[in-house]
1. Please identify the pairs in which a residue from region 26-38 that is touching a residue at least 24 places away in the same chain (Cβ under 8 Å) has its Cβ atom under 8 Å from the Cβ atom of a residue that is in a loop (DSSP other than H, G, I, E, B) and exposed (fewer than 15 other Cβ atoms within 10 Å of the Cβ), counting only partners at least 6 apart or on another chain.
2. Across region 54-97, what is the number of residues that are among the basic types (Lys, Arg) and over 19 Å from Ile25 (Cβ atoms)?
3. Quick check, is Asp89 over 15 Å from the mean Cα position of the chain (by Cα) and either more than 19 Å from Met16 (Cβ to Cβ) or modelled with pLDDT of 90 or more (or both)?
4. If the requirement is being under 21 Å from Leu77 (Cα atoms), of a type in the set (Asp, Glu) and modelled with pLDDT of 85 or more, which of these qualifies: Asp27, Asp53?
Amino acid sequence: QIQKTIDTHTHAHKAMKEIIPGLFIGDLHDAQNTAGLQAQNVTRMLSLGASPDLAALPTCVTSQRTVHVPDSDNADLLSLLPDLMDFIDQELQHNKKHDHHAGGSDDFEEEEDDD
């Protein structure tokens, strides 16, 4: 019984995942992991939760938005999506412009149709 309890508390943390180029999803542990954020070049953060405020933002994060969402099965997440998507789109566009001016690859640029 004791071993079972210990095993459930010592499971390995799953690292944040890249959903599309430049957009990651993670948890509070990821948001506080400066080395992990820097390794993925994360500079902007959107935090959701009952109390998602970080005591101190990692130094690599230059822009952060916090959305308070009740920790409830009845929380209306769908009503938040348009505003959240606007923030994500703005930040991805900012990264796209920054990468383009810095001479980096532009993973978000749409190909023109030659028809």
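1. Leu28/Leu54; Ala31/Leu54; Gln32/Leu54; Thr34/Thr59
2. 2
3. When the stated conditions are applied, Asp89 does not pass them.
4. When all the criteria are applied, what remains is Asp27.
The values are calculated or read from the model by the stated rules, or taken from the named source; none is laboratory data. Everything numeric here is computed off the predicted structure, so don't read it as measured data. Heads up, the Cβs are rebuilt from the backbone with ideal geometry, glycines too, and the neighbour counts pull from every protein chain shown.
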